[in-house]
Amino acid sequence: MASSRDSREQVTRETERRSRLSVAAFGGGFLYLLSAIIISETLNGAPTVGLLQGLKPALEGEASPAVSPRTEEVKFISHHAFSLIAGSTLVAIAVGILTLILLVLLDATRFRRPQTWSAARPLVIGGGVAVAVVSLAHQVVTAIETHSFSVGHDFSNHAVEQALTKGTANSIIDYVDLLAGLALAAGMIAVMINAMRVGLLPRWMSFLGMFSAILIFLPIGGAELQLVPAFWIVMMGILFSGKWPNGEPPAWKAGEAVPWPSRADMQASGSTSKGQPALAGAAADAGPAPTQAASVGSSRKRRRKRGARG
C-alpha cells in the first residue's frame, strides 16, 4: 500500500499529465474519424470488377489476358495516392495520441493495482508505434507499386497482384501490420480491464474501449464503425480534462483503487433502499392506533358519568 504522501504526489502527476493530454485527445479522436472518412470515400470511388467482367477473359479463351480486368482499379489507386497517404498520416497521428492515452491510464492503474499485467506496457508501446508506422508505410508502398504499374507495360493479372498484394514489400507490411495490430489490441484490452477494476473508468467506457481495440485491429465497416474508436478517444479527452458528467470516477482523486460496486452489492443496496419506505409505511399504519384507543376510552368515561347522574 502506498503512503498518503505518495498517493498525493501520484495524483498531482496524473492531473498534470491528463490536463496536458486532454486537448490532444480531442484532436486525436477527430483526426481518427477524419482519416476513416478520407480513406473510405476515396476507395469507394474506385472502379470495381463484377463477376462477368472477371470471367470475360476466361470465357473468351484467354487464361492469362494481356490486360487484367483490374487494371483500371490499380491506376485509380495510383492517381489517388495523395488522398490515401494523407488519410494514413492522420491515422498515424491519432494512434500515437491513443498510445499516450493508454500509457497515462496504465501508469495510473498500476499505481493502484501493482499486480496489473506487466506485459501490457510493452504491448501498448510496441503495438502503438508499429501500427502508426505501418499504416503510413503501407500507403507509401502501395503508391510506389501502383505508380510503377501505371507507367509500365505489364498489365497482366500477375502484375496487378504484385502491385496490390503479393509484392515482397506488401507481404512484409501485411505481416507486420497483423502482429502490430494484435499487440496493440491485446495491450489496450488489458488496460481497459484493469482500469475498470480499480475504478478509473466507468464500465461502459471500458467495454467501449475493448470494442474499439478490436475495430483498430480489424478496421471493418468503413467510417461508420470507425466512429466508435474516435468517440472513445474524445471521451477520454473529456475525462482527462476533468469535465466528466456527474464528476470523474473517485479513484482518480483518491490515489488508490475504488472498485465499482458488484452486482451483489447493488442488489443489497437496492433491497435496503426498498426496505426503508416499507418501514415508514408500517409506522404510518401503526400511527393512528393510540388515537383510536384514546377515543374509545373517552367514550366509556362519558357513559359512566351519564349512568352516575341517572
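The values are calculated or read from the model by the stated rules, or taken from the named source; none is laboratory data. Computed from a prediction, not measured in an experiment: that's the story for all the values here. With ideal geometry, Cβ positions are generated from the backbone for all residues, glycine too; neighbour counts draw on all protein chains shown. Surface accessibility is based on the protein's heavy atoms, side chains included, excluding ligands, DNA and RNA. Shrake-Rupley method; radii C 1.70, N 1.55, O 1.52, S 1.80 Å.
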Counting only residues in segment 118-144 that are of a type in the set (Ser, Thr, Tyr) and buried (at least 19 other Cβ atoms within 10 Å of the Cβ), the one nearest to TYR175 (Cα to Cα) is identified as SER135
Given the conditions (1) open to solvent by 60 Å² or more (accessible area, probe 1.4 Å); (2) under 23 Å from ALA92 (Cα atoms); (3) in a helix (DSSP H, G or I), which single one is not true for MET236? (1)
Yes/no for VAL176 being in contact (Cβ under 8 Å) with a residue 40 or more places away in the chain, open to solvent by 40 Å² or more (accessible area, probe 1.4 Å) and either under 29 Å from GLY29 (Cα atoms) or part of a loop (DSSP other than H, G, I, E, B) (or both): yes
Would you mind finding the one in PHE30, PHE82 that is over 22 Å from ALA213 (Cβ atoms), assigned to a helix (DSSP H, G or I), modelled with pLDDT of 95 or more and not hydroxyl-bearing (Ser, Thr, Tyr)? PHE82
Does segment 147-160 contain at least one residue that is outside any loop (DSSP other than H, G, I, E, B), under 30 Å from ASP107 (Cα atoms) and touching a residue at least 24 places away in the same chain (Cβ under 8 Å)? no
Filter segment 192-222 down to residues that are open to solvent by 20 Å² or more (accessible area, probe 1.4 Å) and at negative phi, then give me how many there are. 15
Is it fair to say GLN139 is of a type in the set (S, T, N, Q) and outside any helix (DSSP H, G or I)? no
Give the residues of segment 211-233 that are not aliphatic (A, V, I, L, M) and not in a helix (DSSP H, G or I), sorted by residue number. PRO219, GLY221
